[in-house]
Amino acid sequence: MTWTQAELTAIGEAEELEISPQRADGGYVKPVTVWVVRHGDDLYVRSYKGVDGRWFRAARQRGEGHVTAGGVSKDVGFVREDDSTVNDGIDLAYRTKYRGQDAAYVDPMVAAPAKETTIRLVPRQAATR
């Protein structure tokens with residue numbers, strides 16, 4: 001599946017995204033609020049706490065979850081992004097979108113610990129809940 005232009009716009013323009021990685025039992029972790037950016041026709045999130053972030057560890061274990069932002073609610077797959085050129089574009093997207101925020105929050109999102117947790121959100125068929 002791919003994002004529709006309406007979904008990309010709505011989520012990409014949302015200030016925050018609620019992310020809920022899937023647990024091993026098929027349920028979902030309590031939603032965590034994160035920043036989301038659009039780069040091209042993809043949506044990305046990073047863990048502010050780097051690999052120690054609880055939601056990131058859960059996302060890495062199952063590779064699937066649910067997100068809500070900008071009026072869009074979607075089941076997604078989590079795909080690690082380690083291409084340095086793409087990550088440079090994502091850094092710019094974070095700096096541009098959140099330029100009005102305190103640098104104490106923005107700078108860590110483009111630093112190595114967070115950059116190592118870059119996840120591309122990929123829409124998937126809705127699971128039966």
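No lab work stands behind these numbers, since they all come straight from the coordinates. Quick caveat, the model's predicted, so the values are computed rather than measured. Positions of Cβ are backbone-derived with ideal geometry, glycine not excepted, and every protein chain shown enters the neighbour counts.
The table for this structure:
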quantity: Range of Cα positions in segment 1-47 per principal axis (Å), largest first; calculated: 33, 23, 15
quantity: Other-chain or far-sequence residues with amide H under 5 Å of S47's (modelled H); calculated: T117
quantity: Positive-pole candidate from Q61, Y105, V37, dipole of segment 1-119, charges at beta carbon; calculated: Q61
quantity: Charged-residue dipole, Cβ positions (Lys, Arg, Asp, Glu), the chain about Cα centre, Debye nearest 20; calculated: 420
quantity: Zone of Q61's modelled label, taken as backbone nitrogen in segment 24-45 under 19 Å from a point 7 Å along Cα→Cβ; calculated: 24-33
quantity: The chain: most fluctuating residue of D52, D41, D102 per GNM, C-alpha cutoff 10 Å; calculated: D102
quantity: Among T85, T117, T68, residue whose mean-square fluctuation peaks in a GNM of the chain (springs only between Cα atoms under 10 Å); calculated: T85
quantity: Enclosed volume per residue, in Å³, of the convex hull spanned by Cα atoms of segment 61-124; calculated: 102
quantity: Virtual spin-label span in nm between D25 and E116, 7 Å along Cα→Cβ; calculated: 3.1
quantity: Value at 222 nm in deg cm²/dmol, rounded to 500, when DSSP H runs of n ≥ 4 in the chain each add -39,500 (n - 2.57); calculated: -9000 deg cm²/dmol
quantity: Additional length obtainable on full extension of the chain from A10 to A104, 0.36 nm per residue less Cα span; calculated: 31.2 nm
quantity: Kirkwood hydrodynamic radius (C-alpha pairs) into Stokes-Einstein, the chain, 4 °C and 1.567 mPa s, D in µm²/s; calculated: 89
quantity: Residues D82 and E18, FRET efficiency given R0 of 25 Å [Cβ-Cβ distance, rounded to 0.05]; calculated: 0.50
quantity: Peptides ranked, highest mean first, by Cβ atoms within 10 Å: ranges 107-113, 4-10; calculated: 107-113, 4-10
quantity: Difference of contour (0.36 nm per residue) and Cα-Cα distance, R54 to T2; calculated: 16.0 nm
